[in-house]
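> Handing you a structure now.
The values are calculated or read from the model by the stated rules, or taken from the named source; none is laboratory data. No experiment lies behind these values; they were computed from the predicted model shown. A quick note on method: Cβ atoms are made from the backbone with ideal geometry, for glycine too, and the neighbour counts reach across all protein chains shown. Calculation scope for accessible area: heavy atoms of the full protein, side chains included, ligands and nucleic acids excluded. Shrake-Rupley method; radii C 1.70, N 1.55, O 1.52, S 1.80 Å.
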Amino acid sequence: MARYQFLIGASSSGSGKTTLTIGLLRAFKNRGLQVQPFKCGPDYIDTKFHELAAGKPSINLDLFLSSQEHVKQLYSTYTSGCDIALTEGVMGLFDGFDKWQGSGAHIAEILDIPIILVLNPKATAYSVAPILYGFKNFHKNISIAGVIFNMVNSDSHYRFLQDACNDVGIPALGRLPKNNDLEIPSRHLGLSIDGNLLLDEFAEKAGHFVEQHLPIDEILEMTRKSSTPPVLSKENAVSHRKVLKSAVATDEAFAFYYHENIEYLKRRGTVTFFSPMHDKELPNADFVYLPGGYPELYLDKLSKNNSMQESIRRYVEQGGRLLAECGGMMYLSSCIADKSGKEYPMVNIFKQKASMEAMKLTLGYRQFASNGVSVKGHEFHYSSVSGNEESIITQYNAKGIPVETKLLRYKNAIAGYTHIYWAEMDDLMRFFN
């Protein structure tokens with residue numbers, strides 16, 4: 001297990017969790033330490049930022065998408081052999097899918113790891129004392145190791161904050177002044193080579209920034225973890241199954257997937273990666289996965305690759321199993337319209353129009369059952385679809401309330417906006433029965 005383990009939490013989104021996490025990951029990496037990143041919740045974009053900063057894949061820990069046993073097993077597996085395990089929380093520390101269930105605080109409790117808070121005390125000073133007192137005492141089974149104050153430019157302001165920390169009994173672990181050079185680049189950038197270079201440059205700046213302003217050695221000492229027995233990994237009983245040949249779309253347009261989903265496919269057989277933008281045809285496979293991404297940024301290239309579109313249509317018409325999520329589902333539509341309404345022909349498996357016009361955010365956990373398989377996932381998109389395609393099931397949110405999100409099927413091609421988490425499933429292929 002890692003010698004040092006902690007979770008970065010905050011009072012709300014926008015407090016600076018992700019920037020601080022990226023900075024700490026790169027600072028540790030620059031010291032020659034092996035650091036393993038984790039992300040609470042279903043976010044598949046922050047995990048890419050983590051990976052660029054730390055040099056290791058970031059692993060989602062989500063108590064709605066999976067069981068506590070699965071989360072503990074993942075944490076135990078990936079912290080083995082590393083020096084530091086750093087987990088970024090989600091939203092505010094106690095924000096979960098049902099009250100505090102699934103929150104960063106809940107993850108910290110079941111993993112028994114301390115929490116470092118990051119707070120932005122804009123327009124306040126000693127009044128952070130009752131706020132800190134509340135975080136410290138709201139739940140007895142979590143431990144607040146310290147607090148880092150973000151966007152604090154003066155020593156005098158910080159002294160008021162230190163007084164508050166002293167009176168509450170939570171160590172103050174430094175302040176980060178406002179830095180306009182540390183605005184996280186557009187999330188679109190992480191899907192291209194040039195974008196990765198820009199994000200790497202950002203991670204390097206963030207790493208130097210936290211080294212300059214925070215007591216890194218003190219943070220490590222306060223989060224030293226006593227040795228605990230590892231959680232034994234469950235054996236994946238797949239030997240009796242036919243070896244699965246999977247093909248996964250991965251390029252600038254399609255890159256949003258859960259790391260453990262791909263590891264599941266690797267345990268089942270072989271995984272070949274392909275590009276709907278650049279390759280001419282599908283690789284030989286008996287399961288094709290089209291994950292989400294930003295197809296709307298590459299509409300011309302995707303539309304003009306007729307050979308790949310024909311290859312996918314042929315595969316589906318011949319009964320091949322295919323799962324398409326969000327951007328992948330848009331790609332299988334008749335066309336995608338950009339923000340101006342210009343339409344680009346796509347694969348045309350599903351007779352509907354996907355559009356970036358009048359963008360509106362839709363997000364939330366999703367759950368449903370299909371073919372006796374219990375499925376959980378997450379929806380996050382700004383696009384919309386229009387057409388007469390009928391959903392094969394009803395999906396529900398985390399509280400069991402029906403939602404309008406469709407799940408489409410044509411032969412063995414299944415598609416929808418929901419990003420499904422299948423890493424804990426016994427057999428994903430039952431989904432296609």
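> Using alpha carbons only, how many degrees (0 to 90, rounded to 10) separate the axis of helix 155-168 from the longest principal axis of the chain?
Tilt of helix 155-168: around 90 degrees.
> Also, I was wondering about something else. When the helices in the chain are scored as -39500 (n - 2.57) per DSSP H run of 4 or longer and the sum is shared across all residues, what 222 nm value do you end up with, to the nearest 500 deg cm²/dmol?
-9000 deg cm²/dmol
> While we're looking at this one, here's another question. Show me the ranking of peptides 174-183, 246-255 by mean Cβ neighbours inside 10 Å, starting with the highest. Intermediate values should be presented prior to the final figure.
Values: 174-183: 13.9, 246-255: 22.6.
Descending packing order for the listed peptides: 246-255, 174-183.
> In a shell of Cβ-Cβ distance under 10 Å around residue 338, excluding residue 338 itself, what net charge do Lys and Arg (+1) and Asp and Glu (-1) give?
Its environment carries a net charge of -2.
> Can you give me the angle between helix 128-137 and the longest principal axis of the chain, using Cα atoms only, in degrees from 0 to 90, rounded to the nearest 10?
Helix 128-137 sits roughly 70 degrees off the main axis of the chain.
> Is there a quick way to get the dipole size of segment 258-352? I mean about its Cα centre, with the Cβ of Lys and Arg at +1 and of Asp and Glu at -1; what is the value in debye to the nearest 20?
On the way: 12 positive and 12 negative charges, 22 e Å.
My answer is approximately 100 debye.
> For a protection proxy built on the mean count of beta-carbon atoms within 10 angstrom, sort 286-294, 267-275, 349-357, 382-390 highest first, please.
286-294, 349-357, 267-275, 382-390
> Considering only protein heavy atoms and a probe of 1.4 Å, how much of the accessible area of the chain is carbon and sulfur, as a whole percent?
50
> Further question on the same structure: Tally Lys/Arg at +1 and Asp/Glu at -1 over every other residue whose Cβ is under 14 Å from the Cβ of residue 204; what's the total?
Net charge in that neighbourhood comes out at 0.
> Roughly how tilted is helix 17-30, in degrees to the nearest 10 and between 0 and 90, from the longest Cα axis of the chain?
Between the helix axis and the principal axis of the chain, the angle is about 80 degrees.
> For the chain, what is the accessible area per residue in Å² when the probe is 1.4 Å? Intermediate values should be presented prior to the final figure.
Working: 18540 Å² over 433 residues.
Value returned for the chain: 43 Å² of accessible area per residue.
> Continuing with the same structure: With the dipole of the chain worked out from charges on the C-beta (+1 for Lys and Arg, -1 for Asp and Glu) around the Cα centre, which of 55, 349, 161 lies farthest toward the positive end?
349
> Just want to confirm a number: the relative contact order over segment 1-136, from Cα pairs under 8 angstrom separated by 6+ residues, in percent.
Answer for segment 1-136 is 36 percent.
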